[in-house]
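Encoded as structure tokens, the structure appears first; notes follow it.
The values are calculated or read from the model by the stated rules, or taken from the named source; none is laboratory data. The structure presented is a predicted model; accordingly, all values stated were derived computationally and were not measured. Here the Cβ positions follow ideal geometry from the backbone for every residue, glycine too, while neighbour counts run over all protein chains shown. Protein only, heavy atoms only, side chains kept; ligands, DNA and RNA dropped before computing areas. Shrake-Rupley method; radii C 1.70, N 1.55, O 1.52, S 1.80 Å.
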Amino acid sequence: MANKPSIPKGTRDFGPEEMAKRNYIFDTIKQVYALYGFQQIETPAMETLQTLMGKYGEEGDKLLFKILNSGDYLKSISDDELKERNVLKLQTKLCEKGLRYDLTVPFARYVVMHREELQLPFKRYQIQPVWRADRPQKGRYREFYQCDADVVGSDSLLNEVELMQIIDTVFTQFGVRVQIKINNRKILTGIAEVIGEREKIIDITVAIDKLDKIGLDKVNEELHADGISEEAIEKLQPIIKLEGTNDEKLDVIAEVLKDSEIGQKGVEELRFILDCLKQSGLNNEIQLDLTLARGLNYYTGAIFEVKALDTQIGSITGGGRYDNLTGIFGMSGLSGVGISFGADRIYDVLNTLDLYPKESVLGTQLLFINFGEKETAYCLPIIAQARNAGIRTEIYPDSAKMKKQMSYANAKNIQYVALAGETEMEAGKITLKNMTTGEQALISADDLVKAILN
């Protein structure tokens, strides 16, 4: 007996209805990106390991899917090396390529390789799958999609303003109420300075970024474990707990950071972004959150994160400003800012809140019943007419029993069924049945098209 087929852990199949929903998400995001002048690119699923390795830290390198060299991949490996079983050493000889871990590093590689062709600032978006050899668990997959947009080659804070507007527009179109959280890494650096722990900035940001997940007491324990002094932790408390409007928080933190040049710069940047957004107006709340840190340490300016208000789920969009994206490939000094929509989490949110528009998941609208060759020949021009009018139309491929064909229409939620037997053919008409109401009428082909379109 043959083994039952399966797919790798951490991957998924998507059926027709799921794909219709996912395409609704991707198409909505694409349309909004295009509204703001972003252009789409794609990069290969696999990159050279030289491109990927060393860009995500030691842990990230372990999560890269490596691709075995084709051909006689053992020819460069000695017996002694095989016996030694040094996995990392063997990987460098057995594998030259890997599956991309994210879209950011391939984008940086793309910019460096194509810099002579690009018009700066370059506004790109990219919607493609990425792969991570992570331990699969609920909400965490080994293959998943990222929906990134970045602007490189411009230091202007108007880019941050537009990205906030994009986030607001996308979730308004989805009908999802969100809170957009914003902060600035320069402010976090300034805070580390004024509490006397500038060298511990990474430890501080990693700890306070977990505030929503583990609570203040646990954050303080982690800060203490990382060697932050009691005095510094005490000074941090009022900053972490700061409440009020965005302007009130900015005024307080500006006073706290009055002796930190980099901190003051962060306050100025945030004030500009928030003032611009007041003028343009957002449908969703934007909140200054001084505990927002974002995990990736390449962020250097504004950082943002989005949470859905009507369902419990983690961040569904995030991003920020970085100063040296292409420096990892020897092209320094190119600043950029970007966001990434979490398509899989957005899918879950829209499912939970039942927010998919009905038309986004509809399939066939009209099914022609197959009574035989003569009847099919009569129907084919009418089918073509319906399709030319934009009506999603099928004809049942076999002249099976009527019950079977009607069951097919019901199973696929097809709203209209067209029947053409001898009576209809003699009259030069079609019987159109509404499967929802049960009503049916003998009508012309032109009237059939009008009835469905209306």
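Out of all the residues in segment 62-71, is one or more open to solvent by less than 30 Å² (accessible area, probe 1.4 Å), out of contact with any Lys or Arg (no Cβ under 6 Å at 6 or more places or on another chain) and modelled with pLDDT of 95 or more? Even if it seems obvious, please write down each step before you answer.
Of all residues in segment 62-71, those open to solvent by less than 30 Å² (accessible area, probe 1.4 Å) come to 64, 69.
Now restrict to residues that are out of contact with any Lys or Arg (no Cβ under 6 Å at 6 or more places or on another chain): 64, 69.
Narrowing further to those that are modelled with pLDDT of 95 or more: none.
Among the residues of segment 62-71, not one is open to solvent by less than 30 Å² (accessible area, probe 1.4 Å), out of contact with any Lys or Arg (no Cβ under 6 Å at 6 or more places or on another chain) and modelled with pLDDT of 95 or more, which makes the answer no.
From the list 273, 253, 286, which one is open to solvent by 10 Å² or more (accessible area, probe 1.4 Å) and closer than 25 Å to residue 212 by Cα? Give the derivation first.
Numbers: 273 fails: open to solvent by 10 Å² or more (accessible area, probe 1.4 Å); 253 fails: open to solvent by 10 Å² or more (accessible area, probe 1.4 Å).
Going through 273, 253, 286 in turn, the sole match is 286.
For segment 228-244: of the residues being exposed (fewer than 11 other Cβ atoms within 10 Å of the Cβ) and modelled with pLDDT of 80 or more, which is farthest from residue 293 (Cα to Cα)?
Checked segment 228-244; the qualifying residue farthest from residue 293 (Cα to Cα) is 230.
Does segment 321-336 include one or more residues that are crowded, with 17+ Cβ neighbours inside 10 Å, out of contact with any Gly (no Cβ under 7 Å at 6 or more places or on another chain), hydroxyl-bearing (Ser, Thr, Tyr) and more than 24 Å from residue 215 (Cβ to Cβ)?
Within segment 321-336, one or more residues are crowded, with 17+ Cβ neighbours inside 10 Å, out of contact with any Gly (no Cβ under 7 Å at 6 or more places or on another chain), hydroxyl-bearing (Ser, Thr, Tyr) and more than 24 Å from residue 215 (Cβ to Cβ).
Considering segment 412-436 alone, what residues qualify as being open to solvent by 80 Å² or more (accessible area, probe 1.4 Å) and either touching a helix residue (DSSP H, G or I) at 6+ places or on another chain (Cβ under 6 Å) or closer than 20 Å to residue 363 by Cβ (or both)?
412, 413, 436
Does residue 18 qualify as being more than 23 Å from the chain's Cα centre (by Cα) and not in a loop (DSSP other than H, G, I, E, B)? Explain how you work it out, then say what you get.
Working: more than 23 Å from the chain's Cα centre (by Cα): no; not in a loop (DSSP other than H, G, I, E, B): yes.
Here the answer is no, as residue 18 does not meet what is asked.
For the list (1) in a helix (DSSP H, G or I); (2) open to solvent by less than 10 Å² (accessible area, probe 1.4 Å); (3) among the β-branched types (Val, Ile, Thr), I need the number of the one condition that residue 180 fails.
(1)
Where residues in segment 362-380 are assigned to a helix (DSSP H, G or I) and farther than 16 Å from residue 432 by Cβ, which of them is most open to solvent (accessible area, probe 1.4 Å)?
373
Would it be correct to say that residue 62 is farther than 24 Å from residue 23 by Cβ and touching a residue at least 60 places away in the same chain (Cβ under 8 Å)? Explain how you work it out, then say what you get.
Numbers: farther than 24 Å from residue 23 by Cβ: yes; touching a residue at least 60 places away in the same chain (Cβ under 8 Å): yes.
Criteria met by residue 62.
Looking at (1) small (Gly, Ala, Ser); (2) over 19 Å from residue 319 (Cβ atoms); (3) in the same structural domain as residue 165 (by the TED database); (4) open to solvent by 50 Å² or more (accessible area, probe 1.4 Å), find the lone condition where residue 34 falls short.
(2)
Enumerate the helices (runs of 4 or more DSSP H) found wholly within segment 184-279, keeping only those where 3 or more residues are under 20 Å from residue 305 (Cα atoms).
By residue number, 185-194, 201-208, 211-225, 246-256.
Of all residues in segment 91-103, how many are out of contact with any helix residue (DSSP H, G or I) (no Cβ under 7 Å at 6 or more places or on another chain) and either open to solvent by 40 Å² or more (accessible area, probe 1.4 Å) or basic (Lys, Arg) (or both)?
Residues in segment 91-103 being out of contact with any helix residue (DSSP H, G or I) (no Cβ under 7 Å at 6 or more places or on another chain) and either open to solvent by 40 Å² or more (accessible area, probe 1.4 Å) or basic (Lys, Arg) (or both): 4 in total.
Step by step: first the residues of segment 104-142, then only those that are of a type in the set (D, E, K, R), under 22 Å from residue 10 (Cβ atoms) and open to solvent by 80 Å² or more (accessible area, probe 1.4 Å), then the one that is farthest from the chain's Cα centre (by Cα). Which residue is that?
135
Residue check: is residue 349 in contact (Cβ under 8 Å) with a residue 60 or more places away in the chain, surrounded by 15 or more Cβ atoms within 10 Å (Cβ to Cβ) and in a helix (DSSP H, G or I)?
Numbers: in contact (Cβ under 8 Å) with a residue 60 or more places away in the chain: yes; surrounded by 15 or more Cβ atoms within 10 Å (Cβ to Cβ): yes; in a helix (DSSP H, G or I): yes.
So residue 349 fits the description; yes.
Do we have residue 220 as touching a strand residue (DSSP E or B) at 6+ places or on another chain (Cβ under 8 Å) and of a type outside the set (Phe, Trp, Tyr) here?
In short, no.
Conditions (1) in the same structural domain as residue 341 (by the TED database); (2) of a type outside the set (Asp, Glu); (3) within 30 Å of residue 159 (Cα to Cα), marked per residue:
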| site | (1), (2), (3) |
| --- | --- |
| 54 | no, yes, yes |
| 57 | no, yes, yes |
| 64 | no, yes, no |
| 68 | no, yes, no |
| 76 | no, yes, no |
| 81 | no, no, no |
| 108 | yes, yes, yes |
| 111 | yes, yes, yes |
| 115 | yes, yes, yes |
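Just one of (1) assigned by the TED database to the domain that holds residue 26; (2) free of Cβ contacts under 8 Å to residues at least 24 places away in the same chain trips up residue 72, so point out which.
(1)
Only one of (1) of a type outside the set (D, E, K, R); (2) more than 14 Å from residue 430 (Cβ to Cβ); (3) touching a residue at least 40 places away in the same chain (Cβ under 8 Å) fails for residue 367. Which number is that?
So the condition that residue 367 fails would be (2).
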